[in-house]
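First the structure, then my questions, so here it is.
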Amino acid sequence: NDKFVAFADSILNIALANKADSLETLKGLDFDGRTVEAQVTEQLGVIGEKLELSYYNCFTAETAIGYIHPGNKLATLVGFNKAVVDVNVAKDIAMQIAAMAPIAIDKDAISQEVVEKELEIAKEKFRQEGKPEAMLEKIAQGSLNKWYKEITLLNQTYVKDGKISIKDFLKQNDSELTVTAFDRYSLNA
């Protein structure tokens, strides 16, 4: 419905104009004399369905490009470190994020707590398989490296060319190009 798209666009424009840095900030901003949150709640009476503004994120990048997957239930937004980015390269990266659902750009962006948890899970798995205790750390480290390749964008295998990583794909197109931020949005029906 065009009315609801316009409503969502209004909220987006308010967020951009006010440089909202969090969901709570956005909900408290003025929207035609009332808060954004109050306007969203009012839509319950209009459509008879509960609407909720439950997620908001923002990032700054030299270039940002979005991708909406057919069916409008999955979208990505990706930021790059350069002002001029080949649109086809950018779209391929945005589609990669949609398809492979990375959780971080690179392994440096994953908290030490999460890394340690993954190592413990791997050690316990290999312990259950009967691997020698003295070898668990080394085997678990190998498992962790494999995990990084699956869940970090720059280390993932490029879906359009299974022989290279995303980092290599970017370097082939521009030796200085990298991803600085991304987000993946999914509507669960």
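The values are calculated or read from the model by the stated rules, or taken from the named source; none is laboratory data. Every value quoted in this text rests on a predicted model; they were computed, and no experiment measured them. Methodologically, a virtual Cβ is constructed for each residue, glycine included, from the backbone with ideal geometry; neighbour enumeration extends over all protein chains shown. All accessible areas refer to the heavy atoms of the entire protein, side chains included, with ligands and DNA or RNA removed. Shrake-Rupley method; radii C 1.70, N 1.55, O 1.52, S 1.80 Å.
Which of the residues belonging to region 116-137 are out of contact with any helix residue (DSSP H, G or I) (no Cβ under 7 Å at 6 or more places or on another chain), more than 21 Å from TYR148 (Cα to Cα) and either among the charged types (D, E, K, R) or assigned to a helix (DSSP H, G or I) (or both)?
Across region 116-137, the qualifying residues are GLN128, GLU129, GLU133, ALA134.
Go through region 41-56 and give me each residue that's touching a residue at least 24 places away in the same chain (Cβ under 8 Å) and open to solvent by less than 70 Å² (accessible area, probe 1.4 Å).
The answer is GLN43, ILE47, LEU53, TYR56.
What is the one condition in (1) in contact with a helix residue (DSSP H, G or I) (Cβ under 6 Å, 6 or more places away or on another chain); (2) within 18 Å of VAL78 (Cβ to Cβ) that THR180 does not satisfy?
Every listed condition holds for THR180 apart from (1).
Scan region 73-129 residue by residue and report those that are hydroxyl-bearing (Ser, Thr, Tyr) and out of contact with any strand residue (DSSP E or B) (no Cβ under 8 Å at 6 or more places or on another chain).
Passing the criteria: only SER111.
Could I ask something else about it? Which of (1) in contact (Cβ under 8 Å) with a residue 12 or more places away in the chain; (2) open to solvent by 70 Å² or more (accessible area, probe 1.4 Å); (3) of a type outside the set (Asp, Glu) is the odd one out, the single condition LYS123 does not satisfy?
Going through the list (1) in contact (Cβ under 8 Å) with a residue 12 or more places away in the chain; (2) open to solvent by 70 Å² or more (accessible area, probe 1.4 Å); (3) of a type outside the set (Asp, Glu), LYS123 breaks only (2).
Being aliphatic (A, V, I, L, M) and either touching an Asp or Glu at 6+ places or on another chain (Cβ under 8 Å) or farther than 30 Å from ASN72 by Cα (or both) is the requirement here; does LEU154 meet it?
Yes: the conditions hold for LEU154.
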